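Any read-out appearing in this document is the output of simple, stated calculations on the displayed coordinates, not a laboratory observation. Since the model is a prediction, treat every value here as computed from it, not as a measurement. Cβ placement follows ideal geometry from the backbone for every residue including glycine, while neighbour counts extend to all protein chains displayed.
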Amino acid sequence: MDLRHFHDLWSAGNTSQAGQLIYEFIPICKRPAWAADILDLCRQVWPKIIQVDAVWEIARNSERWSEAHAAFSAVRSLTLVEDRTHEHGNIYLLLLVIAEFSAKVIFNASGSRCPFDDECGQWLVQGLRDMADQVSAVDFRWAALRLLSQWALNAHCSFQHPFCRVIVDPSWLDWSSGTVRKLAQVIYEQRTFDRLPILADALEDAGCSDADILTHCRQPGEHVRGCWALDLILGKS
């Protein structure tokens, strides 16, 4: 995932596209946590709403994800009332909409039958952007961008692309008295991620020609502990 492309889309106001970019790279099992983080930030701008809090609580327990469908319906009832009465204003309505999309993301991750539309992830990001535009506090806008940027970074580095299936050849790890494994361990422990291109060179010298792992290690930009390439080499994934 191209982090710069994500920020360009966000800055240009192409928020749903930016959201889709992140959403498609986040493994299904991680999506409820992503939705919970967005919802948790947004629910700080309004007094407690039991139905909204219920969605957040369900997201944090994988055994309850299938309950998100009923939680969606409960929030939707509030949304319909607000649409009709306009009693509480835009921020309240946006919070309900964000809770709805969060519930959809959570339910879809449960594996239950009849999932919601798969565009709910990108519209969740659009809802966050709309909330950031409505809330007067500058801190909230920065917090929203920081939250999405961290998840974008994770999608870029920690989560292997779903269509990428790299298998580590044991001969790479045995080459030159274990140079590849030792270098990967040092990078992981010392967080010297700027040395990942050196790891790519070592992998090539060891006989690796896999474009996915070599490209990732040489890719510019920030990496994090949890980088899928390091985890793969070190046997952590």
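Structure data summary
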read-out: Relative frequency of Cα-Cα separations exceeding 24 Å in the chain, percent; value: 51
read-out: Value of [θ]222 nm, deg cm²/dmol, for the chain, DSSP H segments ≥ 4, -39500 (n - 2.57) each, nearest 500; value: -21500 deg cm²/dmol
read-out: Ranking of 30, 48 by count of other Cβ atoms within 10 Å, fewest first; value: 48, 30
read-out: Under 18 Å from the Cα of residue 236 - lysines, other chains or at least 8 residues apart; value: 30, 182
read-out: Helix 138-157 axis, angle to the chain major axis (alpha carbon atoms, nearest 10°); value: 40
read-out: Potential extension, residue 149-residue 113 segment - 0.36 nm per residue separation minus Cα distance; value: 9.8 nm
read-out: Qualifying lysines (Cα of each under 21 Å from Cα of residue 48; at least 8 residues distant if same chain); value: 104
read-out: Contour excess over end-to-end distance, with Cα ends at residue 77 and residue 136 and 0.36 nm allotted per residue; value: 18.5 nm
read-out: The chain: angle of helix 50-59 to the longest principal axis, Cα-based, in degrees nearest 10; value: 20
read-out: For q = 0.24 Å⁻¹, Debye-computed log10 I/I(0) when each Cα of the stretch 170-233 counts as one equal scatterer; value: -1.01
